[in-house]
1. Which of Glu104, Glu95 comes first, and how do the rest follow, when ranked by fewest Cβ neighbours within 10 Å?
2. Can you check how the C-alpha radius of gyration of the range 119-161 compares to 2.2 N^0.38 Å, as a plain ratio?
3. Hey, got the dipole for the range 99-213? About the Cα centre, +1 on K and R Cβ, -1 on D and E Cβ, debye to the nearest 20?
4. In the range 106-141, which residues have a backbone nitrogen under 15 Å from the label point lying 7 Å from Ile67's Cα in the Cα-to-Cβ direction?
5. Under a plain spin-label model, where a point goes 7 Å from the Cα along Cα-to-Cβ, how far apart in nm are Lys198 and Thr87?
6. Could you list, bin by bin from short to long, the percent of Cα-Cα pairs of the range 74-212 in 10 Å steps?
7. Would you list Met111, Met126, Met191 from fewest to most Cβ contacts within 10 Å?
Amino acid sequence: MLLSGVAQIYCLRHLHFIRTRITIALLSAFTRFFCIILLSTACGGCRSDAAKAPAAPRSSLDPLQDIQPIADADPSRRHPVATPVPTGFDLVRREETLIYRFTELQTTNLMVGFKMVTGVKYEGSMHCDGTVCSLFRLLVGSHRLMSAPDLDTSTRTFKLDREKGFAQSGEGCIFEYRVTIFETDLPSQHMWSPQSGKHYKVLWTRTFKETIR
């Protein structure tokens with residue numbers, strides 16, 4: 001009987017110990033679960049706030065979609081626009097690379113039509129031994145109506161290709177750089193052809209010539 005009583009006491013104590021360990025484990029699991037719920041709620045709130053922040057405006061226009069001419073553009077109604085135009089030009093040749101830039105600018109008033117788009121055309125060509133070779137043609141249009149065109153005043157480079165017949169270093173050639181400022185009723189777009197506008201007009205043009213060796 002004595003042994004039976006001791007065994008019973010031992011079993012009860014052991015059972016109490018097991019219940020205590022189970023209770024602690026359940027409380028620990030519940031605490032972890034509760035913390036996870038709180039963190040999830042907080043992060044969810046952060047995502048909700050971010051979703052409500054105003055997004056940057058996006059254009060609904062397809063960049064490859066043809067843009068129609070400006071219907072109410074009127075070149076007969078004109079006003080002066082102060083526009084910087086190049087008056088000085090410099091070019092050097094370093095091996096097979098041409099480096100060129102405008103050295104001076106002068107502001108002049110160009111008469112621009114009502115709601116007309118202005119733009120600049122850059123054309124480069126090489127004249128060697130009576131042969132003329134076109135090098136490049138670049139169009140830059142303004143995104144603001146009736147405003148001064150965006151003139152590129154940065155230093156630019158062009159890589160020559162001897163296989164196309166360009167002169168070796170030491171042989172004289174003439175590099176021509178033509179700048180044309182124009183207006184048109186056709187807004188700038190993919191594969192832009194401003195001359196296709198009904199009211200295309202050249203406002204200012206100048207050709208710079210430099211001999212390179």
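1. By the 10 Å Cβ count, ascending, the order reads Glu95, Glu104.
2. 1.52
3. Dipole magnitude for the range 99-213 comes out near 200 debye.
4. 115-120, 139-141
5. Each label point is offset 7 Å from its Cα along the Cβ direction, giving 3.8 nm.
6. Going from the shortest bin to the longest, the percentages are 11, 39, 28, 17, 5, 0.
7. So the residues, fewest neighbours to most, are Met191, Met111, Met126.
Values quoted throughout were computed directly from the atomic coordinates according to the rules given, and no laboratory measurement underlies them. From a predicted model like this one, the values you see are computed outputs, not experimental measurements. Here the Cβ is made from the backbone with ideal geometry for all residues, glycine too, and neighbour counts use every protein chain on show.
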